[in-house]
1. Could you give the DSSP H helices of the chain that reach 15 angstrom or more along their long axis (alpha carbon positions) and whose average Kyte-Doolittle hydropathy is no lower than 0.5?
2. Shape call for the stretch 1-46 from the C-alpha gyration tensor, a ≥ b ≥ c root eigenvalues: rounded (a/c under 1.5), prolate (a/b greater than b/c) or oblate?
3. Apply the Debye scattering formula to the chain, with a single equal point scatterer on each alpha-carbon and no solvent, then give log10 I(q)/I(0) at q = 0.21 Å⁻¹.
4. So how far apart, in nm, are the two label points at Val101 and Glu89 if each is 7 Å from Cα heading toward Cβ?
Amino acid sequence: AIMVADPEAEAEQIARLEAWRADRDDAAVIAALGELSRVAASGENIMPASIAAAKAGATTGEWGDAVRRTFGQYRGPTGVSKAPSNRTEGLDEIRARVDAVSDAL
C-alpha cells in the first residue's frame, strides 16, 4: 500500500514552516551556514559550527546543502562490480556473458 499524507495536515505543516522561517533571523542563518562551509573546507571539526547553525535556525536541508558543497554527495557502491572483494578471478568472463545476454535482450 502507498501511504499518502493527509492534505490538510501537510498544508498545516507547510504553513508552520513558512511562519517559522519568516520569524527567524536570516542574516544569522546565512552567517552560520557560511561559517559551517568555511570550517568544513578547512578540515576542522564541523560539530560546533553545525550546532551554531541549528541554533540560528538553519534547517536540516540547508545544513546538508552547506556540507555537500564542500564534501560532495555520498554515493554508496552498488552492484556486483562495485562490491569490495579480493577475489576477481573469472570476473571478466562473467561480465562478458552478462554483456552478451544484455545485447541479446
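The numbers here are math on the coordinates, done by the rules we state, and not lab data. Nothing here was measured: the structure is a model prediction, and the numbers come from that model. Virtual Cβ from ideal backbone geometry, glycine too; neighbours counted across all protein chains shown.
1. 26-42
2. In terms of gyration-tensor shape, oblate.
3. -1.07
4. Taking the simple label geometry, Val101 and Glu89 are separated by 2.3 nm.
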